[in-house]
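All of the numbers you see were taken from the coordinates with simple rules; none came from a lab. Owing to the predicted nature of the structure, the values given are computational and were not obtained by experimental measurement. Cβ: placed from backbone, ideal geometry, glycine included. Neighbour counts: every protein chain shown.
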């Protein structure tokens, strides 16, 4: 196109048509400017498309992390329900006139099973966005929701950890492990070397002394209350996760 204008200009100059030449020259300049403008616009469109794709990838990764949070939470709520069930069973056993140390020891153990495995949010996508300096790519509303989401999780996990640590302390805080039936628990019983230890004497000691009833009743009540508190916190967190998931689903365009 530029070559064509140049050829026309040359002919016009040869014919001494200056005015017409100037018009063609101006037209050529305008054409070049328009070409540059179009090129810039196309480049901007391409860059915007790349930026939007990058944002979309981040939103989808964040969504995947939040969904992992929900799956983890469902498992933890189930485990908490199991501990509450065994804590109630323990309390029921302790209310009976004749105590069975083996049953009590097993239910005591089940009451704190996996209690220290508390919620750990999936933060790989959010950490990647922050460390790469791309936090500004996120929409302001989403960014504020994410910051509030992870801040709320931190507070909830702190409370859950306090409850869990106390449950473990109560479990191990006893004057006599033999009295509360530890020698009768299967993995402890298997570890006791009968060639070195008289197991019958241990069993007699366990069954002869049931003075631990009141202490264990108190522990069982704490396990139930602590479990109920943790479950309530997890259920509140589940609502937050669902809200965050819905917000990210609108942004993640697969």
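Brief remarks follow.
- Tail beyond 27 Å, pair distance distribution of segment 107-240 (Cα, percent): 46 percent
- Förster radius 35 Å - calculated FRET efficiency between residue 141 and residue 229, Cβ distance, rounded to 0.05: 0.65
- Put a dot 7 Å past the Cα of residue 95, heading toward its Cβ, do the same for residue 114, and the two dots end up 2.7 nm apart.
- Likely footprinting exposure, 119, 223, fewest C-beta neighbours within 10 Å first: 119, 223
- Calculated P(r) tail over 20 Å for segment 50-159, as whole % of Cα pairs: 56 percent
- Net length available on complete extension from residue 85 to residue 130 is 12.0 nm, with 0.36 nm assigned per residue and the Cα-Cα distance removed.
- Extension gain, residue 68-residue 154: 0.36 nm per intervening residue step, less the Cα-Cα distance, totals 29.3 nm.
- Highest average packing first - 166-178, 131-143, 79-91, 233-245, Cβ atoms within 10 Å: 79-91, 233-245, 166-178, 131-143
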